[in-house]
Amino acid sequence: MQKHAGFSLLELMMALALAAIAGTLAIPNLTRVIEQNRVVAYSNGVLGAVNLARSTAVTRGVPVSVCARRAVGASQCNTAATADWAKGWLVFVDSAGALGQIDADDEVLKVYPAIEDRTGLSLTGTRRFLSYESSGMLTSDAMTLQLRQVHCRTNVDRDIHVTLGGSSYVQQKSC
């Protein structure tokens, strides 16, 4: 009698069924991890822009601002009363002209892209720009940026706070 090596059709079908069940259970968790990482990445991007502005202001001894972009892809600051930061934001040396506006002699340090529509995230602020003095302090009141999920599935919304003294931190919020 000959002995055959390999798997029977029944064994292969059972292995395939178990793999399908495991995949069905893992996909929702993977989606949740991706959404959580997306929120963390965008909040870290905003925090990085704020920290870049502060350190540049102190290093160069000139005012440096961070502003919400006027439109997706625009290289000008938003001038509207409401501050939609989801269109992206700009960090620039704000040494000439109106504070919080990019003038002819101002140097753009970094351009941050818009939050992609497919992410289901919004980013709004209490103001349309913030500016640092050469001392590293804000030129005006403290500010909060709110990063929110349109459909709260992962419960990881964030608030990015910038204090009058210039320091910044991220606070996790429940949606």
Rounded to whole angstroms and listed largest first, the alpha-carbon spread of segment 54-175 along its three principal axes comes to 44, 30, 23
Taking Rh as the Kirkwood radius computed over alpha-carbon pairs of segment 1-122 and applying Stokes-Einstein at 10 °C with viscosity 1.306 mPa s, one gets a diffusion coefficient in µm² s⁻¹ of 87
Give, as a single signed number, the net charge of other residues whose beta carbon lies under 13 Å from the beta carbon of THR56, with Lys and Arg counted +1 and Asp and Glu -1.
-1
Counting only residues 5 or more places away or on other chains, whose amide H sits under 5 Å from the amide H of VAL64 once H atoms are built in the peptide plane?
ASP94, TYR132
Most fluctuating residue of ARG118, ARG38, ARG127 in a GNM of the chain with Cα springs under 10 Å: which is it?
ARG118
Residue-ordered couplings for segment 5-22, obtained by feeding phi - 60° into the Karplus form 6.51 cos²θ - 1.76 cosθ + 1.60 and rounding to whole Hz (Gly and Pro as x), are 8, x, 10, 7, 4, 5, 5, 5, 5, 5, 5, 5, 5, 5, 5, 5, 5, 4
For ASP94, solvent-accessible area (1.4 Å; no DNA, RNA or ligand), Å²
10
Part-to-part distance (alpha-carbon centres) for segment 43-66 and segment 123-175, which is given in Å:
14
Among ILE102, ILE27, ILE115, which one shows the biggest mean-square fluctuation in a GNM of the chain, springs joining Cα atoms closer than 10 Å?
ILE27
Calculate one ³J(HN,Hα) per residue across segment 83-91 by plugging θ = phi - 60° into the Karplus curve 6.51 cos²θ - 1.76 cosθ + 1.60, and present them in order as whole Hz with x for glycine and proline.
10, 9, 7, 5, 7, x, 8, 10, 10
Computed, not fitted: 222 nm per-residue ellipticity of the chain from DSSP H runs ≥ 4 (each -39500 (n - 2.57)), nearest 500, equal to -11000 deg cm²/dmol
Karplus-derived HN-Hα couplings along segment 127-141 (A = 6.51, B = -1.76, C = 1.60, θ = phi - 60°), whole Hz, x at Gly and Pro
9, 8, 7, 9, 10, 9, 7, 5, 7, x, 9, 5, 7, 9, 5
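The values are calculated or read from the model by the stated rules, or taken from the named source; none is laboratory data. Note that this is a predicted model, so its numbers are computed, not measured. In this analysis, Cβ positions are derived from the backbone assuming ideal geometry, glycine residues included, and neighbour counts consider all displayed protein chains. Just the protein is used for accessible areas: all its heavy atoms, side chains included, with ligands, DNA and RNA removed. Shrake-Rupley method; radii C 1.70, N 1.55, O 1.52, S 1.80 Å.
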